[in-house]
Amino acid sequence: MVQVIYRLVKDLYMFVNKEGRCSDCEKIKYAVDTLGNVSYDRDYFEETVMHVEMDVLRVSIEEDIRKLCKGSVKVTGVTLHFIASNRGIEEIDSGVFENQSIKLKLDLHNNSLARIHKGVFKNMPVNELNLSFNKIVTIERGAFENLPRLYILYLNNNYIKEFYPNSLINTPDLLIFNMTFNNMMSLEEKHFLFMTKKEKVGIDLSYNELVQVHPKAFDGIVLYSVDLRHNKLPEEEFFYIKKLRCVCVVSMSVF
C-alpha cells in the first residue's frame with residue numbers, strides 16, 4: 001500500500017511540475033526506500049529529475065553519473081539519508097542541494113568532484129555531510145550556507161590547498177571538522193569561526209602541508225581537540241599551540 005500511494009503522489013507531482021525537468025542532463029537511476037510493515041520497501045526510478053515528495057528512509061543513486069544539474073534533485077519529503085557515493089560524479093551545479101529536505105546524512109564520498117561551487121549546499125536541515133575521497137581542489141566562498149543543524153563535515157582525503165573561512169556561512173552547530181590528508185598550507189586569524197560556539201569542537205588537520213598557523217587561528221571557538229600531526233610547521237609555531245586548552249596533537253607528541 002505504501003508503494004502504491006508513493007507512486008500515485010509521485011506521478012501527480014511530476015505531471016503538475018513538468019517545467020522543473022532538466023532536459024539537458026542525463027537520466028538518473030535511483031532507489032527510494034520507504035518504511036513497510038516489517039522492513040522497508042524499495043522502488044527504482046530512472047528520470048532526469050529525482051522527485052521525492054513523501055517522507056522516506058533513504059534515497060540512493062544506483063549507477064554512475066557524471067554531473068548533477070541544477071534542478072535534477074527535488075527532495076520535498078523528509079529524507080533521512082541521501083546516498084550518492086562511489087558514482088563517478090565530477091560536477092555538481094550551484095543550487096543542486098538548495099532547499100532539499102535531507103535530514104540526517106548527505107553522502108557524496110569517493111566521487112571525482114574537483115570544485116564545490118557557491119550555493120551547492122544551502123538551506124538544508126542535514127546533520128552530516130561527507131565529501132571525503134574526492135578530488136576537490138577548490139571550495140568557493142559560500143559553498144556551504146545556512147546549514148543550521150550541520151554537526152559533522154568530512155572534507156578529508158582531497159587536494160584542498162586553500163579553505164576560506166567564509167566558505168561556510170551560518171553553520172552554528174558544526175562540531176566536528178575533518179580536513180585530514182589535504183594540501184592546506186596556512187591558517188588565518190579566527191579561521192574556524194564557522195564552527196559552533198555552544199560546545200567544544202574537534203578539528204583534524206593532520207597530514208596536510210601546513211607551514212604557518214596564525215597565533216589567533218583558533219580564537220572564537222572552544223577546542224576539545226585539534227590534530228596537527230604530519231605537517232611542516234616549524235618549532236616556533238608550537239609555542240602557543242602547546243598552550244591551547246585542549247587535546248592538542250602536534251608532530252607525534254600530545255600536549
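Could you tell me whether the range 151-162 includes any residue that is surrounded by fewer than 16 Cβ atoms within 10 Å (Cβ to Cβ) and either of a type in the set (A, V, I, L, M) or at pLDDT below 95 (or both)?
For the range 151-162, residues surrounded by fewer than 16 Cβ atoms within 10 Å (Cβ to Cβ) and either of a type in the set (A, V, I, L, M) or at pLDDT below 95 (or both): present.
Considering (1) over 15 Å from residue 82 (Cβ atoms); (2) part of a loop (DSSP other than H, G, I, E, B), say which one residue 150 fails and leave the rest.
(1)
Please work out which residue is nearest to the chain's Cα centre (by Cα), limiting yourself to the range 200-210 and to residues that are surrounded by fewer than 21 Cβ atoms within 10 Å (Cβ to Cβ) and more than 19 Å from residue 234 (Cα to Cα).
Ranking the candidates gives 202 first.
Go over the candidates 176, 116, 136 one by one and state the one that is of a type in the set (Val, Ile, Thr) and within 23 Å of residue 224 (Cα to Cα). First the steps, then the outcome.
On the way: 116 fails: within 23 Å of residue 224 (Cα to Cα); 136 fails: within 23 Å of residue 224 (Cα to Cα).
Just one listed residue meets the conditions, 176.
In the set 57, 104, which member is closer than 21 Å to residue 152 by Cα, part of a strand (DSSP E or B) and more than 18 Å from the chain's Cα centre (by Cα)? Walk me through how you get there before you give the answer.
Values: 104 fails: more than 18 Å from the chain's Cα centre (by Cα).
Being closer than 21 Å to residue 152 by Cα, part of a strand (DSSP E or B) and more than 18 Å from the chain's Cα centre (by Cα) holds for just one of 57, 104, which is 57.
Name the residues in the range 68-88 that are within 14 Å of the chain's Cα centre (by Cα) and not in a strand (DSSP E or B), would you? Break it down into steps so the answer makes sense when it comes.
Start the filter on the range 68-88 by keeping residues that are within 14 Å of the chain's Cα centre (by Cα), which leaves 81-85.
Once the filter is applied, which keeps residues that are within 14 Å of the chain's Cα centre (by Cα) and not in a strand (DSSP E or B), the range 68-88 yields 84, 85.
Output the residues belonging to the range 221-237 that are under 23 Å from the mean Cα position of the chain (by Cα) and assigned to a loop (DSSP other than H, G, I, E, B). If you could, list the steps in order and put the result at the bottom.
Within the range 221-237, the first condition is being under 23 Å from the mean Cα position of the chain (by Cα), and the residues that meet it are 221-228.
221, 222, listed by residue number.
Taking the condition of being part of a loop (DSSP other than H, G, I, E, B) and within 13 Å of the chain's Cα centre (by Cα), how many residues in the range 159-199 meet it? Write out each step before concluding.
First pass over the range 159-199, keeping only residues part of a loop (DSSP other than H, G, I, E, B): 159-164, 170-175, 179-185, 188-199.
Of the ones still in play, those that are also within 13 Å of the chain's Cα centre (by Cα) are 171, 174, 179.
The total comes to 3.
Identify, from the list 77, 71, the residue that is modelled with pLDDT of 85 or more, small (Gly, Ala, Ser) and within 21 Å of residue 143 (Cα to Cα). Outline the logic, then answer.
Numbers: 77 fails: within 21 Å of residue 143 (Cα to Cα).
The match here is 71.
The values are calculated or read from the model by the stated rules, or taken from the named source; none is laboratory data. Predicted model, so just to flag it, every value in this text is computed and none were measured. All Cβ positions, even for glycine, are placed from backbone atoms using ideal geometry, and neighbour counts span all protein chains on display.
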